[in-house]
């Protein structure tokens, strides 16, 4: 509250300053320095010596679950739900996923407006209302619960780290050519799909979860996020200073990133389909936060949640179930696609997918459970 009051008292200064120096609005928020300082104090000092807390200590996968699960979860970056043609966007930004039997949820609220908040929050049992970033690293998250239940987990990252989520599971950095085979001007998200078969085949028993953390649509250099062959919407913005580009150029560049994401997600589903006869396969994609593209003079993301426009808080969530999920009514799930849900559903849905029984799982927030046929107990 002190930070908000301080900024409020200086609002006339900030309004004048950023009006005079419009280019800085693209890179900076008046809250950035104050908020960053607060985060350092809260995370590094307040969290010091905090004992690690076990969450979901009762979690177990029952012995009656004899079917193996194989899931790929893609954590997206800076994706706006309303720029997905799956959700009614007028441009065809999802031509490949449109051909898949996916369910795309169009009304999903994010935990936060930045990666540092949203990613750990969606893996926390606390939900957005109770999530506290300074407590996250000193307590179990979703991956810890799944690992303890016997799930083999791999996290591959082409972004700026897992934000503490993958601290206790196998982690691979794909931001350099040392590991990512598809790097040109930068390392591509598609590269994270390389050699996933080797990981699957090296775990002949039990369930498997693979998490891919995208670079996705991270701005302001949208044009750098995609290979040249995906720059179909033109003209594009070739500058990192968005004030130097037209609205059309910015949106074209951003939409190209969604088009490339569509390609990467489609290839991830193809990986899973190879294992349809061996596993109950599941694919999920969820964005971390949205993005402002110049509406009302606002760009990028990271505004305080209560001030942020819907463009920064409404994210895509797409789910696909493989052929072995005979107990699910996909059409029933699709009828829920426009209902209001949130990042809070990710934690409970994934516990349900791996059939983890625990007091921390809420079946009413488990999308797979909501899709079960009525005659299935």
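Throughout, read-outs are computed from the coordinates displayed, never taken from laboratory work. Computed from a prediction, not measured in an experiment: that's the story for all the values here. Cβ placement follows ideal geometry from the backbone for every residue including glycine, while neighbour counts extend to all protein chains displayed.
Among 215, 122, 365, the order by Cβ neighbours within 10 angstrom, fewest to most, reads 365, 215, 122. Legend: ranking of residues 149, 110, 63 from fewest to most surrounding C-beta atoms inside 10 Å; resulting order 63, 149, 110. One Cα centroid belongs to region 302-347, the other to region 92-112; the line between them spans 8 Å.
Approximating the spin labels as points 7 Å out from Cα along Cα→Cβ, the residue 201-to-residue 173 distance works out to 2.8 nm. Considering only 135, 229, 190, the Gaussian network model of the chain with Cα springs below 10 Å gives its largest mean-square fluctuation to 229.
When the chain is treated as a GNM with alpha-carbon contacts under 10 Å, the residue of 237, 187, 245 showing the greatest mean-square fluctuation is 245.
Residue exposure proxy: 99, 273, ordered by other Cβ atoms within 10 angstrom of their Cβ from fewest to most, comes out as 99, 273.
When shorter helices are ignored and each DSSP H run of at least 4 residues is given -39500 (n - 2.57), the per-residue value for the chain at 222 nm works out to -8000 deg cm²/dmol.
Placing a label point 7 Å from the Cα of residue 63 along the Cα-to-Cβ line, the residues of region 185-215 whose backbone N sits under 20 Å from it are 205-207. DSSP beta bridges confined to the chain are antiparallel in about 35 percent of cases.
Structural size metrics of region 47-370, computed from C-alpha coordinates, are Rg and Dmax of 18.9, 60 Å. Taking 0.36 nm per residue of separation and subtracting the Cα-Cα distance, full extension of the segment from residue 160 to residue 54 would add 35.5 nm. Would you work out if region 85-228 is rounded, prolate or oblate? Take a ≥ b ≥ c from the square roots of the eigenvalues of the alpha-carbon gyration tensor; rounded if a/c is under 1.5, else prolate when a/b is larger than b/c, oblate otherwise. Here region 85-228 falls in the rounded category. Given contacts defined as C-alpha pairs under 8 Å and at least six residues apart, what's the relative contact order of region 137-293, whole-number percent? The value is 18 percent. How high is the relative contact order of region 242-377, in percent, with contacts defined as C-alpha pairs under 8 Å that are six or more residues apart? Here the relative contact order equals 20 percent. Extension gain, residue 221-residue 246: 0.36 nm per intervening residue step, less the Cα-Cα distance, totals 7.6 nm.
Relative contact order of the chain, taken over Cα pairs closer than 8 Å and 6 or more residues apart, is 27 percent.
For region 322-377, the square roots of the Cα gyration tensor eigenvalues, ordered a ≥ b ≥ c, give a/c of at least 1.5 with a/b no greater than b/c, which places it in the oblate category. Within region 166-188, list the residues whose amide N lies under 19 Å from a label point set 7 Å along Cα→Cβ of residue 228. Correct set: 182-188.
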